[in-house]
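Each reported figure results from applying straightforward, stated rules to the coordinates on display, with no laboratory input. Keep in mind that this is a model prediction, so the values were computed, not measured. Cβ placement follows ideal geometry from the backbone for every residue including glycine, while neighbour counts extend to all protein chains displayed.
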Amino acid sequence: MFQTKGVKPVSGFWKEYFEAQGKPLKIYLDRLSTYKNTHKSVIDDPQVLTQFQRIMKQSDVEIISAYSPQAKGRIETLFPTLQHRLVREMRLAGIKTPEKGNRFVKEVFIPKFDTKYSVVPQKRGNVHRKLTKIEKEKLDQVFSRQEIRYVNNDFTVRYKGKWLQLTEKQPALIRKKEKILVEERISGEIFLSLRGKYLNYTLLPERPKRIIDVRIPALTTTKPIWKPPADHPWRRQIIFHQTRRYQISSRV
């Protein structure tokens, strides 16, 4: 069992775990809201998934939720050891930086802890599945935070208070009001995808001036004939902008 709070730290931990160990068949977890939607109205609805449940479903990993106090107690008894004994061990070893601390935990503390407290399993064998080349390439994508957004009339997409301006030329046909999949990677990078292709966009420094009618029905692989106003992001230079130009045809 493993417990932490927040989608990003959970995703970061399990991504590293997959890279090091491969994919487990099953994961035994408590019912932290990050792992399982605990709202009474949707608690057992298979269509309402947390980001973590969606990640594990995409990875073909079964989640087992702990319901008994005994199961919860197993991990709770470990926390005091890590919170108290580990801190003292690091102090005795003269650890003063996160980098040295991580190396100490991996190379010294865990082997020592396992030697003293580990239990020999009844059946030996490794049930982790080795990641394929394609699965390794898609780890960043799978472990991203994914949400649906809609294309506005001026071909912008809003996400977490940010305004993303789709550029004039795109690898896929994009219509107004189209559903866009937003991927926020663990690194913080944001990707927009539609029908298996990543879209080109510019991060605007502020909320755009409202444009009621952009006189083109859709963005395509060619530059539209319509000329936007002089103050439109497609025409004027934007300071401190960040451009994403990804035309990867891999399916999300």
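Modelled spin labels at residue 58 and residue 31, positioned 7 Å past Cα toward Cβ, are 2.7 nm from each other. For the pair residue 225 and residue 137, a Förster radius of 22 Å applied to the C-beta separation gives a FRET efficiency near 0.05, rounded to the nearest 0.05. Indicate the gyration tensor shape class of the stretch 152-220 (rounded, prolate or oblate), computed on the Cα atoms with a ≥ b ≥ c the square roots of the eigenvalues: a/c under 1.5 is rounded; otherwise a/b larger than b/c is prolate and the rest oblate. Cα axes put the stretch 152-220 in the oblate bin.
Within the straight-line cut-off of under 17 Å between alpha carbons, the lysines reachable from residue 123 are 26, sequence neighbours fewer than 8 places apart in one chain being disregarded. Bridging of residue 223 to lysines at a Cα separation below 27 Å is possible for 162, 169, 176, 177, 179, 197, 209, once same-chain residues fewer than 8 apart are set aside. Sorting 139-145, 84-90, 159-165, 222-228 by average packing, meaning the other beta carbons within 10 Å per residue, from highest down gives 139-145, 159-165, 84-90, 222-228.
Given their separation in residues at 0.36 nm each and the Cα-Cα distance between them, residue 100 and residue 82 gain 4.8 nm when the chain is fully extended.
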